[in-house]
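Okay, so here's the structure we're looking at.
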Amino acid sequence: MGCQNTATEQHHPHQPLEFAHTSLLEVLRDGYPGPFLLMDSAVVRDRARQFHSALPNIAPHFAVKANPDLRILKALRAEGVSFEIASRQELELLLPLGVAPADIFFSNPVKPREHIAAAAAAGVEWFAIDSIEELRKVHSIKPDAKLYLRIFTSNEGSVCPLSGKFGAHPAEIRDILAAATALQADLAGVTFHVGSQCTNIDNWRIGIRAAHDVLQQFSAAGLTPQLLDLGGGFPVRLGDPVPDITDIAKVIREELDAIEMPLRLIAEPGRFLVAEAGCLVTSAVGTTLRNNERWLYLDAGFYSGLMELKDGIPYILDTERNGRPVPWTIAGPTCDSIDVCFKGYLLPDNLAEGDLIYVRSAGAYSSACSTRFNGFPSPEVLVI
């Protein structure tokens, strides 16, 4: 395909296997069935409770794109978590679960017309925009839609910056407000995103202050502010230390205390609620020494669960081998050159064909982003 090799260097020391619990052993009792993602619903529920405890006045709306497995969605709903969607297909996952459409937020800032129409017909009320064009598009389909404006904000310190693709810049906001008042559109909220896997707590401070300023502009333009959506980006423990949810919550509370207007407060956690609940299990299909470099080939790679490596997500790998740690280049099974996952990753020197590799904290954006490229299967999702 001629794709650029996007492998990233990782140098995590080998760590003892920590999740060889009964359920994992049960799956492997009759042999390795092929790549699979094992999700622990108890961990999902625990993370939901952590979020509720740290930010009791902010309603979490799970980003369905992070893990759209119905069993995970049911577990989150049982913990009082609501949802945000990016497409009609994600909406169609939620409706059979009895989720109230009026409580579903359509947060994709640029949506196909047919997706907007389907959501409007189902009863979805809130739609994100970040441009005059999208405002006009949504208003032409659903004139009474409640709109929330996604604004540009700092993504410094985030593993996966998201501010380049979406977000209205300050110079654009005045024209968007003018268009909303001219159309008599219900532009009622502001949202921002600090970047995925954000390790810089100040991004929330900066984002909330910017949102507050825009909400004040709403009032000055004759609009009625109703909503502040803090977006996602809440980090999980991967390779390096990350801010704890309680530390992030402290900053958020401090900034919200300075906002006097009554607002509905929500956030869109995705990775935070599901990542640590998942373990991706894959197997070595071969090893070799190539130009004095050790290569390990797995039956799951960039196209089958590890796509986020392209953005630098520092997954931690474990194995039951206990050899001397040495650098490995780790690749997936396809014939595409982009399917190189790690360079210089420290794993035991005695790894061999058939050994299992366990990818920790892989419950977000793994199975959801997998494909069947080259005919290799997507990892099966098992939920306990």
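The values are calculated or read from the model by the stated rules, or taken from the named source; none is laboratory data. A quick note: this is a predicted structure, and the numbers were derived from the prediction, not measured. So basically every Cβ, Gly included, is an ideal-geometry build from the backbone, and we count neighbours across all protein chains shown. Heads up: the accessible areas ignore ligands, DNA and RNA and are worked out on the full protein's heavy atoms, side chains in. Shrake-Rupley method; radii C 1.70, N 1.55, O 1.52, S 1.80 Å.
Some values worked out for this structure:
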quantity	calculated
Most mobile of 200, 57, 67 in a GNM of the chain (Cα contacts under 10 Å)	57
Surrounding net charge for residue 170, when Lys and Arg each add one and Asp and Glu each subtract one, Cβ distance under 14 Å	-1
Partners for residue 343 among lysines (Cα-Cα distance below 25 Å; same-chain residues under 8 apart left out)	310
Cut-off under 5 Å, modelled amide H: who pairs with residue 186 long-range	147
Exposure ranking of 47, 71, 209 by accessible area [1.4 Å probe, largest first]	209, 71, 47
Dipole of the range 42-273, positive end: most advanced residue of 243, 178, 210 [Cβ charges, Cα centre]	243
Whole-percent carbon and sulfur share, accessible surface of the range 51-113, 1.4 Å	55
Rel. contact order, % - alpha carbon contacts under 8 angstrom, at least six apart, the range 286-384	34
Protection proxy ranking of 129-138, 107-116 - average other beta-carbon atoms within 10 Å, highest first	129-138, 107-116
Within-11-Å neighbourhood charge of residue 265 [Cβ basis; K, R +1; D, E -1]	+1
Contact order normalised by residue count of the range 50-116, Cα under 8 Å, 6+ apart, percent	31
Solvent-accessible area per residue for the chain (1.4 angstrom probe, square angstrom)	42
The chain: relative contact order in percent, alpha carbon pairs under 8 Å with at least 6 residues between	23
The range 127-270 - percent of accessible surface contributed by carbon and sulfur, probe 1.4 Å	49
